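Peer 1: My questions will all concern the structure given below.
The values are calculated or read from the model by the stated rules, or taken from the named source; none is laboratory data. All of these numbers come straight from a predicted model, not from anything done at the bench. Glycine gets a Cβ as well: all are built from the backbone with ideal geometry, and neighbour counts include every protein chain shown.
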Amino acid sequence: MPGRVRTHYAGDYQRRARLVRLRADADPTTRCWRCGLTKAEHGQPWDAGHLNDGQAGGPLAAECRRCNRSSGAAMGNRMRKGLRTSRRW
C-alpha cells in the first residue's frame, strides 16, 4: 500500500538511517561492513544496514545497496522456507 510505513521503519529509524548514510557519503574511505568495499569500488549508493538482521531498533551501519538488499532477501527466503500451503499446486 503506497504511503504506508512499516512500524519498524517509522520514527527514530528514519533519523538514524539518514545519519548513517550522510556520514558514509561524507567519508570516501567508508567501507561496507558486509563486503568491505568503498563506494568508489562498488559504485552503489549507501544504505543503512542492520548489524543484526531483522532486529528492529538495533544498531545500523553503512552498507552498499547490493549487500543490504541481498541480505534482506535471504532472510525473507529463510523465513518462508518452512511455510506450506493447504493444497498442492
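Peer 1: Taking the residues in the range 38-52 that are in a helix (DSSP H, G or I) and in contact with a strand residue (DSSP E or B) (Cβ under 8 Å, 6 or more places away or on another chain) as candidates, determine which candidate is farthest from ALA62 (Cα to Cα).
Peer 2: The residue in question is HIS42.
Peer 1: So for the range 76-85 (the condition being out of contact with any Asp or Glu (no Cβ under 9 Å at 6 or more places or on another chain), assigned to a helix (DSSP H, G or I) and modelled with pLDDT of 85 or more), does at least one residue qualify? Outline the logic, then answer.
Peer 2: Residues of the range 76-85 out of contact with any Asp or Glu (no Cβ under 9 Å at 6 or more places or on another chain): 76-85.
In the following step, the residues that additionally are assigned to a helix (DSSP H, G or I) were identified as 76-81.
Retained after the next criterion (residues that are modelled with pLDDT of 85 or more): none.
Checked against the condition, which is being out of contact with any Asp or Glu (no Cβ under 9 Å at 6 or more places or on another chain), assigned to a helix (DSSP H, G or I) and modelled with pLDDT of 85 or more, the range 76-85 yields no hits at all.
Peer 1: I'd like the full set of residues that are more than 15 Å from TYR13 (Cβ to Cβ) and under 13 Å from the mean Cα position of the chain (by Cα), limited to the range 28-61. It would help to see each step written out before you state the result.
Peer 2: We begin by selecting, within the range 28-61, every residue more than 15 Å from TYR13 (Cβ to Cβ); these are 28-46.
Scanning the range 28-61 gives CYS32, TRP33, ARG34, PRO45, TRP46.
Peer 1: May I pose another question? Could you list, in sequence order, the residues of the range 59-74 that are at pLDDT below 85 and exposed (fewer than 13 other Cβ atoms within 10 Å of the Cβ)?
Peer 2: Scanning the range 59-74 gives ALA73, ALA74.
Peer 1: Are there any pairs, at least 6 apart or on different chains, whose C-beta atoms fall under 9 Å, with the first in the range 41-64 and over 20 Å from THR29 (Cβ atoms) and the second of a type in the set (Val, Ile, Thr) and outside any loop (DSSP other than H, G, I, E, B), and if so, which?
Peer 2: Qualifying pairs under 9 Å: ALA56/THR7.
Peer 1: Mind checking which residues of the range 1-37 are modelled with pLDDT of 90 or more, over 12 Å from CYS67 (Cβ atoms) and not in a loop (DSSP other than H, G, I, E, B)?
Peer 2: Residues satisfying the conditions are ARG15, ARG16, ALA17, ARG18, LEU19, VAL20, ARG21, LEU22, ARG23, ALA24, ASP25, ALA26.
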